[in-house]
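Heads up, the thing below is written out as structure tokens.
The values are calculated or read from the model by the stated rules, or taken from the named source; none is laboratory data. Keep in mind that this is a model prediction, so the values were computed, not measured. As a convention, Cβ positions derive from the backbone with ideal geometry for all residues, glycine included, and neighbour counts pool all protein chains shown.
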Amino acid sequence: MANHGRVAFETLGCKLNFSESSALLRGLSEAGYARVDMADRPDVVVVNTCSVTDHADAKCRNIVRRAKAANPDSFVAVIGCYAQLKPKEIADIEGVDLVLGAQEKFNLAGHLESQRVRKAGGDEAAVVERGEIRDVRAFHPAVSSGDRTRSFLKVQDGCDYFCAFCTIPLARGRSRSADIATTLVEARKAAEAGAREIVLTGVNIGDFGKSQGESLLDLCHALESDDGLSTIERYRISSIEPNLLEAPLIDFVADSEKFQPHFHIPLQSGSDAVLSAMRRRYRTDLYRDRLAHIVDRMPEAGIGIDVIVGFPGETEAEFAKTRDFLLEMPASYLHVFTYSERPKTTALRIEEVVPMPERKARNKVLTQVSLKKQWAHAARFEGRVRPVLLEADVDEAGCRSGYTPEYVRVAVAGTEKLAPGTVVDATLAGFSGGRVQGTLATA
């Protein structure tokens, strides 16, 4: 095998990006690249980008500058959503050598080989390889590896929803997925690599299998019953649209031995008027009913909620509806996003723009709501014993952290000598120092 040098990956954004980076890195390793950290002066730096917000774009630029500062001779390739949406903008960043779009990134090794030869020949100009997103049809499976605790399994890509604020359909194309049989093969790779938990991820995973006559529920049944996945102790369903989180799937999780009582369900706004302007496919009554069903079947389930503040036309009264709705909901944490204008989205047509200082103020309000929800969720388990799946990092106090089934993150004392991926019974002791503390339970 040829030795193509050392490669470092920098991944921004969602769990889907991390699963794809891991799969691409495995491909590069098979092609003769050795994985290193950025500090090790890699020959090639690959930046897998997100473009949900302007902040993500700025992060990409900073990574490129940092890579060139560490090793001026490094070859920098930028891939991912930002690369598909704004290839010329990226190509104009000093230090970028190659920009690959949504389809082209899956031939990363081939593009690197040819373009590094080009650069060695003295051609310094950045090259853009990017097709039209409407032509992207193939689904490329991916699963993250290298973590003995958790793997992210890509089960779906793209989205057909075209919400008013979102660029994802423009960056990743239409909704698509593999069939169940192919997905099980990828899941077994995670099991063989030693993962104990698999998180199902994608852009709109509730759409899984629709072109093959299958469903996400069918996939969940197959994962739980597959003999090749007996070492996987836990599954989680990542973010799923409320209109696609139907009662049979909730009931399956409630009755499952492996799927955890944890859901992450985007809301985006607690105002029906704003949801309509966002072009969301549900209203607050449906959202309320979905959460009520979860709590009825799993009273202590972890429930995460995405919400956007400052969307055009969100008046103070509409924001108050969102705040009050969230206070009413049985959530355990929020992910609060400040709306930012994204090119080619229909939200740009709405004239009633919320000033940025007001957007940031509303974010602070909901961040405080999130903290209260998080504390209240953890408090219900204080003094109780819960199973915690330990992760790799050990803090200064000798604690490994991990999650309970209900997605409470716990720092468990006395676990520094235990292997990552170990499930321990821990007695939860409430919040201290901004986190939930735990001790090993006695037999």
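To keep it simple, each residue is scored yes or no on (1) without any contact (Cβ under 8 Å) to a residue 12 or more places away in the chain; (2) of a type outside the set (Gly, Ala, Ser); (3) under 19 Å from GLU300 (Cβ atoms).
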site	(1), (2), (3)
ASP395	no, yes, no
SER401	no, no, no
PRO405	no, yes, yes
ALA411	no, no, no
GLY414	no, no, no
LYS417	yes, yes, no
GLY421	no, no, no
ALA429	no, no, yes
GLY434	yes, no, no
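Anything in region 216-242 that is assigned to a helix (DSSP H, G or I) and surrounded by 16 or more Cβ atoms within 10 Å (Cβ to Cβ)? List them, or say none.
Result: LEU216, LEU217, LEU219, CYS220, ALA222, LEU223, LEU229, PRO242.
Considering only region 149-160, I want to know if a residue exists there that is surrounded by 20 or more Cβ atoms within 10 Å (Cβ to Cβ), within 20 Å of the chain's Cα centre (by Cα) and farther than 26 Å from LEU108 by Cα.
yes
Going by the structure shown, is TYR235 hydroxyl-bearing (Ser, Thr, Tyr) and touching a Lys or Arg at 6+ places or on another chain (Cβ under 8 Å)? Spell out how you get there, then give the answer.
On the way: hydroxyl-bearing (Ser, Thr, Tyr): yes; touching a Lys or Arg at 6+ places or on another chain (Cβ under 8 Å): yes.
Yes.
Touching a residue at least 60 places away in the same chain (Cβ under 8 Å) and small (Gly, Ala, Ser): is that true of SER144 in this structure? Walk me through it before giving the result.
Values: touching a residue at least 60 places away in the same chain (Cβ under 8 Å): yes; small (Gly, Ala, Ser): yes.
Taking the combined requirement at face value, the residue satisfies it.
Among strands (runs of 3 or more DSSP E) lying entirely in region 348-443, which contain 1 or more residues that are more than 30 Å from VAL307 (Cα to Cα) and of a type in the set (Ser, Thr, Tyr)? Outline the logic, then answer.
Values: elements: 385-394, 400-403, 409-413, 423-432, 435-440.
Qualifying strands (runs of 3 or more DSSP E): 423-432, 435-440.
Among the residues of region 149-205, write down those that are part of a loop (DSSP other than H, G, I, E, B), among the polar types (S, T, N, Q) and either touching a Gly at 6+ places or on another chain (Cβ under 9 Å) or at pLDDT 95 or above (or both).
Within region 149-205, THR149, GLN156, SER175, SER177, ASN204 meet the criteria.
Regarding region 35-55, can at least one residue be identified that is in a helix (DSSP H, G or I) and closer than 23 Å to THR167 by Cα?
yes
Looking at (1) surrounded by 21 or more Cβ atoms within 10 Å (Cβ to Cβ); (2) under 30 Å from ALA83 (Cβ atoms); (3) in contact with a helix residue (DSSP H, G or I) (Cβ under 6 Å, 6 or more places away or on another chain), find the lone condition where ILE308 falls short.
The number of the failed condition is (3).
If ARG137 meets every condition in (1) surrounded by fewer than 24 Cβ atoms within 10 Å (Cβ to Cβ); (2) under 30 Å from ILE232 (Cα atoms) apart from one, which number is that one?
The failed condition is (2).
Residue by residue through region 257-292, note down the ones that are in contact with a strand residue (DSSP E or B) (Cβ under 8 Å, 6 or more places away or on another chain) and farther than 20 Å from ARG362 by Cα.
Result: LYS258, PHE259, GLN260, PRO261, HIS262, PHE263, HIS264, ILE265, ARG280, LEU291.
Would a scan of region 342-349 turn up a residue that is among the charged types (D, E, K, R), touching a residue at least 60 places away in the same chain (Cβ under 8 Å), exposed (fewer than 13 other Cβ atoms within 10 Å of the Cβ) and more than 22 Å from ARG150 (Cβ to Cβ)? Outline the logic, then answer.
Just the residues of region 342-349 that are among the charged types (D, E, K, R), to begin with: 342, 344, 349.
Right, trim to touching a residue at least 60 places away in the same chain (Cβ under 8 Å) and you get 342, 344.
Add one more test, that the residue is exposed (fewer than 13 other Cβ atoms within 10 Å of the Cβ), and what stays is 344.
Add one more test, that the residue is more than 22 Å from ARG150 (Cβ to Cβ), and what stays is 344.
Scanning region 342-349 turns up at least one residue that is among the charged types (D, E, K, R), touching a residue at least 60 places away in the same chain (Cβ under 8 Å), exposed (fewer than 13 other Cβ atoms within 10 Å of the Cβ) and more than 22 Å from ARG150 (Cβ to Cβ).
Sort through GLY213, GLY173 and tell me the only one that's on the phi > 0 side of the Ramachandran plot and surrounded by 22 or more Cβ atoms within 10 Å (Cβ to Cβ).
Details: GLY213 fails: surrounded by 22 or more Cβ atoms within 10 Å (Cβ to Cβ).
GLY173 is the lone residue from the list that is on the phi > 0 side of the Ramachandran plot and surrounded by 22 or more Cβ atoms within 10 Å (Cβ to Cβ).
Check region 37-51 and report whether any residue there is touching a residue at least 60 places away in the same chain (Cβ under 8 Å), surrounded by fewer than 21 Cβ atoms within 10 Å (Cβ to Cβ), touching a Gly at 6+ places or on another chain (Cβ under 9 Å) and among the β-branched types (Val, Ile, Thr).
First pass over region 37-51, keeping only residues touching a residue at least 60 places away in the same chain (Cβ under 8 Å): 44, 46, 51.
Cutting the leftovers down to surrounded by fewer than 21 Cβ atoms within 10 Å (Cβ to Cβ) gives us none.
No: region 37-51 contains no residue that is touching a residue at least 60 places away in the same chain (Cβ under 8 Å), surrounded by fewer than 21 Cβ atoms within 10 Å (Cβ to Cβ), touching a Gly at 6+ places or on another chain (Cβ under 9 Å) and among the β-branched types (Val, Ile, Thr).
Does at least one position in region 285-296 carry a residue that is in the same structural domain as ARG150 (by TED's automatic domain parsing) and either more than 21 Å from SER332 (Cβ to Cβ) or polar (S, T, N, Q) (or both)?
Yes - at least one qualifying residue is present in region 285-296.
Each row is one residue, and each column tells you yes or no for (1) among the β-branched types (Val, Ile, Thr); (2) within 16 Å of LEU216 (Cβ to Cβ); (3) touching a Lys or Arg at 6+ places or on another chain (Cβ under 8 Å); (4) surrounded by fewer than 21 Cβ atoms within 10 Å (Cβ to Cβ).
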residue: ALA254; (1), (2), (3), (4): no, yes, yes, yes
residue: MET278; (1), (2), (3), (4): no, no, no, no
residue: PRO299; (1), (2), (3), (4): no, no, no, yes
residue: ALA317; (1), (2), (3), (4): no, no, no, yes
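Which condition breaks for ARG116 when tested against (1) out of contact with any Gly (no Cβ under 8 Å at 6 or more places or on another chain); (2) within 23 Å of SER19 (Cα to Cα); (3) touching a residue at least 40 places away in the same chain (Cβ under 8 Å)?
(2) is the only condition that ARG116 fails.
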